[in-house]
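None of the figures in this text is laboratory data; all of them are computed from the coordinates on show. Owing to the predicted nature of the structure, the values given are computational and were not obtained by experimental measurement. Cβ placement follows ideal geometry from the backbone for every residue including glycine, while neighbour counts extend to all protein chains displayed.
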Amino acid sequence: MIDLNTATAAELDGVELLRGHGFEIVRYREERGLFTKLRQLDEVPGLAQKTDGVEAHLYVESANAT
């Protein structure tokens, strides 16, 4: 499992559903801040409606976790 908020572009490209979109995901995260839920991936250019099943590979660390 990969944390969406700390993953590199290469790590994200390693997830079949996201292949080729790692750079865009990292750029989106840097410009807009950390993800709070996986469904926000639909807001990344090129990923709308294409992220079903990604929860088997990614998670979003809770901001309250220590």
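Assorted remarks:
- Glu11 meets all of the listed conditions (1) touching a residue at least 24 places away in the same chain (Cβ under 8 Å); (2) of a type in the set (Asp, Glu); (3) out of contact with any Ser or Thr (no Cβ under 8 Å at 6 or more places or on another chain) but one, namely (1).
- Answer residue from region 1-40, given it is in a helix (DSSP H, G or I) and among the β-branched types (Val, Ile, Thr) and is nearest to the chain's Cα centre (by Cα) among those: Ile25
- Selection from region 39-66 of residues that are touching a Ser or Thr at 6+ places or on another chain (Cβ under 7 Å) and among the aliphatic types (A, V, I, L, M): Leu41, Val60
- Of all residues making up region 47-66, the number that are in a loop (DSSP other than H, G, I, E, B), surrounded by 10 or more Cβ atoms within 10 Å (Cβ to Cβ) and without any contact (Cβ under 8 Å) to a residue 40 or more places away in the chain: 5
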